[in-house]
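Structure in structure tokens, see below.
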Amino acid sequence: MLISETSNAASSKAEGTGRAIPAITRVSPFASARTVEQFVAVVGPPAVGKSTVTGTLADRFDVRVFRLREFAREFRSRPAADQRLFDTRDPLGWLTEETVFLLLQAAFVRGQFPARDLVVLENFPGSLTQLLLLTAIADQLRAPLMLIELTAADYLVAARARTRRVCPTCEPDLHGDSHRPARRAARDPDRCDSCGGGLLPRRGDESQRFAARLARFRRRIPAIRRAATALHLPYRAVDATGDPDSCLQGVTTALAATDPLALLFASWREHL
Ligand SMILES: [Zn+2]
């Protein structure tokens, strides 16, 4: 398996802990039945439109969208959860690679994420190590993995970050960190189109924090692209410079261009 040949190189390159990647364990015959048939990882710079496109895929096509942050939060809230797993010294609050691996295993190998045939991972993997961990899980489940990168220039995503808003009413968050872009009301752009409540800037879009997130993405994506090539993972870049509909069209076209999803997405595209 490729992961065992590449994991040493990956851990030496990993930022943060410098600790080794946990050993890959095979699925026990008593593990829950596999449900994931295909993983599609959607990555891109902050504010490029990942949440919007994956949210639309979920709404229109009923695919499941895995967001590590949300799964981690749910996992952490369980009574038996080891809180030490969630300690992090990362300035952007990223979890350690060990914890990420445990979460992926819990989600997909132990079936704790309500997966369907196709799982879209939003904003994951964020590093070469995370790509290798995900590849290991996909390999374990014998589910193909493809990578879609949404692309847009820095000035454009920075401008989007300055103007986008979240709705703390529609997406309440205990930590005051709502994430999903809200639609502005036509009459009052400071209010939510769905609930009429006041909108807020997203915490991670604050200018210094946004700059740090963007810089981290730009620093890490070349290694992710190279590894995708080395691992023979289907990879497509989708231009996200235009409006959300054209980005969605680009994503569905990218998916359709890749077997074995071609037929599925060809049929979906007729409904767009
Ligand atoms: Zn709202």
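No value in this document is a laboratory result; all are computed from the given coordinates. These numbers come from a predicted model, not from an experiment. So basically every Cβ, Gly included, is an ideal-geometry build from the backbone, and we count neighbours across all protein chains shown.
Listed highest first by mean packing, meaning other Cβ atoms within 10 Å per residue, what order do 104-115, 171-182 come in?
For the peptides 104-115, 171-182, the packing ranking is 104-115, 171-182.
A further question follows. Report, in whole Å, the centroid distance computed from the Cα atoms of the range 101-127 and the range 209-262.
18
List the residues of the range 234-250 whose backbone N lies under 14 Å from a point placed 7 Å from the Cα of Leu156 along the Cα-to-Cβ direction.
Under 14 Å, as judged by backbone N against the label point of Leu156, lie 237-250 of the range 234-250.
So what's Rg/Rh here for the range 118-240, counting alpha carbon atoms and using the Kirkwood radius for Rh?
With Rg and the Kirkwood Rh in hand, the quotient comes to 1.04.
What ratio of Cα Rg to 2.2 N^0.38 Å holds for the range 210-252?
1.41
If you don't mind, there's one more thing I want to ask. What is the order of Tyr235, Tyr155, fewest Cβ neighbours within 10 Å to most?
Final ranking by Cβ density, sparse to dense: Tyr155, Tyr235.
Let me ask another. Would you mind getting me the FRET efficiency between Asp243 and Ala80? Use the beta-carbon distance for r and R0 = 41 Å, nearest 0.05.
After rounding, the FRET efficiency stands at 0.35.
May I have the pair-distance distribution P(r) for the range 83-133, computed from all Cα-Cα distances with 10 Å bins from 0 and rounded to whole percent?
In order of increasing distance, the bins hold 22, 53, 23, 2 percent.
Grab the eigenvalues of the alpha-carbon gyration tensor for the range 163-228, scale each by 5, take roots, and send me the semi-axes largest first in whole angstrom.
Equivalent-ellipsoid dimensions as semi-axes: 30, 12, 11 Å.
For the range 227-234, take each phi angle, set θ = phi - 60°, evaluate the Karplus expression 6.51 cos²θ - 1.76 cosθ + 1.60, and give the result in whole Hz per residue in order, putting x for glycine and proline.
Computed from phi, the couplings for the range 227-234 are 5, 4, 5, 5, 8, 6, 8, x Hz.
Taking R0 as 25 Å, what FRET efficiency do you get between Ser194 and Leu174 from their Cβ-Cβ distance, rounded to the nearest 0.05?
The formula returns an efficiency of 0.75 here.
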